[in-house]
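A short write-up of the structure that comes next.
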Ligand code: NAD
C-alpha cells in the first residue's frame, strides 16, 4: 500500500497512526494516510502563521504572488495526468471527469486569480472632512483553514487555494478522510512552483480529530468549508468559539423544472445528464425533476429508456457511463435512501439497487435510479442523497413549479428546461438558488461565482466574490492639517 505523509512548513512528516483509504473500484484499501490530531494541526497552523507573518511570502508584492500563481497553474497542467490518476484511484471519479478540469478550468483558476491579485484596489471614501484623508485597503486574513469534501478534492482545494493565495493568505488544507491522496500529491507537485515553505500545508485525518482542532485553532483567521450541511453546522459552531468567520459550501437538493414546450429528448438528456454521469455525487446534482403534468408520462417513459442504456465501467475507462460510489459508508447510505423511498410509497421505475460490477469485483456501484409517484413530504423529495437517485414530481403551472422548487431547506442550484427563454429568465428570478441554469446544467468557470442560498451555505467561490471571501477591509484615517484640541477645555 502507498503510505502518505502530511505537510507542515515545507516538511513531509509521519504520524504514529494511519487511516486506510479505499479504492472504490476494487472495494479494498490502497493507501495509508496520516491520522493527524491536535498536535499535527498545531504544527501546520504555526508554520502557516510564520509564513504569513515573516518568511518571503509576506514580503512578496501582489504582482509577485500573481506570478507564482501563474506558475502553479503551469505545474498543475504539467502534472495533470498523475493527479487525475491518483484521484480516480482514491474516490472512483472517472478520469475523464477530472483531467480536462486540471488542464482547463482549474488551471484557468490560477491564471484568473493571478491576474486579479494586483488589481483589487482600496477606496477613498468621501468623508467630507477637509483635513482628513481616509482610505481603505483589502487585507488578507492570515491562516485560512480549507476543509474539503471527498467528491472532487482537487477541484475544491484549487477553488480555495487560488483566491486565498492571490489575496496573500497562507493555507492549511484538510481534505476528507475518504479521499486525501490527491490533495497531498497536489501539495507535492506545487512545490515545483517554488512556493515558500509554509504557504500551503496539508493535514489529514478524521473530522472530529483533525478538522475540529483546525477550526478551533486561535491562529486560524478564516475557515473555508466544503461539505455536508451537517458538517458545516458543526464547523460553524466550533468556529463561533473564537468568532472565526466561515465560508460554507454545502449540499443541495436541486430541482430541474421541465416545461411542456421543450423538445422531449433534450429535456430527458439534460435532466439525466444533470445527475447520473458522476453517480449523483455532485453538490449541484439536479436530484428532483419537476415535470409538467401534460408531459410527465412521456418524459418518464423516455427517461427510463435512456437511463437503461447507462453502463457501469472502470473509472479509468473512457467508455464508462458511470463509475463507482466513492466510499463504502456512502454506498450504504445511498442504498438506505433507496430503501426508505420504497417504504414511503415512491415507485421505482429504473435501477433501485447495487449495479453489477463490470469485472465481477467488489467495488461499490449503484444503478441510476428513478422514483415516480413522489410526494413533497417524502424524504426522497427533501433529503440530499448525493447519489444516482432522481425523484420525479409533477406540477401544473409556473407558480406550482416555483413553490415546489423553493420548498426545500437547500438552495444550491436549479435547472429550467423550456423553449420559452423569457419564462426561463422570469423563473430564474423567483428560484431560491445560488446558481440557476436555463437549458443547460453543471457548467462552471473561475469567472462566475458559485455558492448556496439557505442551508446550502453562505459566501461564494470563484469570481471576484470568491476573492473577497479572503480579504478584510482596513480603513485608515490620516489627519493632514489639524492638531487635536484640548479634550477638556476650561469652562
Ligand atoms: P462532510 O461534511 O462529512 O465532510 C466534509 C469535510 O469536513 C471532511 O474533510 C471532514 O473530515 C470534515 N469534517 C467533518 N466534521 C468536522 C468537524 N466537526 N470539524 C471539522 N471538520 C469536519 O461532507 P462529505 O461527506 O465529505 O461531502 C459530501 C457533502 O459535501 C455533500 O453534502 C455535498 O453536497 C457537499 N459538497 C458541497 C459542495 C459545494 O461547493 N457546495 C461541493 C462538493 C461537495
Next item on the list: Would you check which residues across region 70-85 are surrounded by fewer than 23 Cβ atoms within 10 Å (Cβ to Cβ) and farther than 17 Å from residue 164 by Cα and list them?
Entry: 74, 75, 77, 78, 79, 80, 81, 82, 85
Item checked: Spans of helices (runs of 4 or more DSSP H) in region 228-332 with at least 3 residues away from the ligand (no atom under 14 Å from the Cβ) and under 27 Å from residue 453 (Cα atoms) -> 264-273
Notebook entry, point to check: residue 214: closer than 23 Å to residue 8 by Cβ and within 15 Å of the ligand (Cβ to nearest atom), yes or no?
Noted result: yes
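Given the residues 304, 258, which is the only one that is in contact with a strand residue (DSSP E or B) (Cβ under 9 Å, 6 or more places away or on another chain), surrounded by 22 or more Cβ atoms within 10 Å (Cβ to Cβ) and within 21 Å of residue 374 (Cβ to Cβ)?
Values: 304 fails: surrounded by 22 or more Cβ atoms within 10 Å (Cβ to Cβ).
None of the other options fit; the residue is 258.
Take residue 92 and decide whether it is modelled with pLDDT of 95 or more, within 21 Å of the chain's Cα centre (by Cα) and within 16 Å of the ligand (Cβ to nearest atom). Explain how you work it out, then say what you get.
Numbers: modelled with pLDDT of 95 or more: yes; within 21 Å of the chain's Cα centre (by Cα): yes; within 16 Å of the ligand (Cβ to nearest atom): yes.
Yes, satisfied.
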Checklist line | helices (runs of 4 or more DSSP H) completely within region 384-491 that count 1 or more residues being within 14 Å of the ligand (Cβ to nearest atom) and buried (at least 18 other Cβ atoms within 10 Å of the Cβ) | finding: 463-468
Notebook entry, point to check: Within region 185-202, is there a residue that is within 10 Å of the ligand (Cβ to nearest atom), in a loop (DSSP other than H, G, I, E, B) and in contact with a helix residue (DSSP H, G or I) (Cβ under 9 Å, 6 or more places away or on another chain)?
Noted result: no
Next item on the list: Name every residue in region 104-148 that is within 16 Å of the ligand (Cβ to nearest atom) and within 22 Å of residue 170 (Cβ to Cβ), in order of residue number.
Entry: 106, 109, 143, 144, 145, 146, 147, 148
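The values are calculated or read from the model by the stated rules, or taken from the named source; none is laboratory data. Just so it is clear, the structure is predicted and the values come from calculations on it, not from any experiment. With ideal geometry, Cβ positions are generated from the backbone for all residues, glycine too; neighbour counts draw on all protein chains shown.
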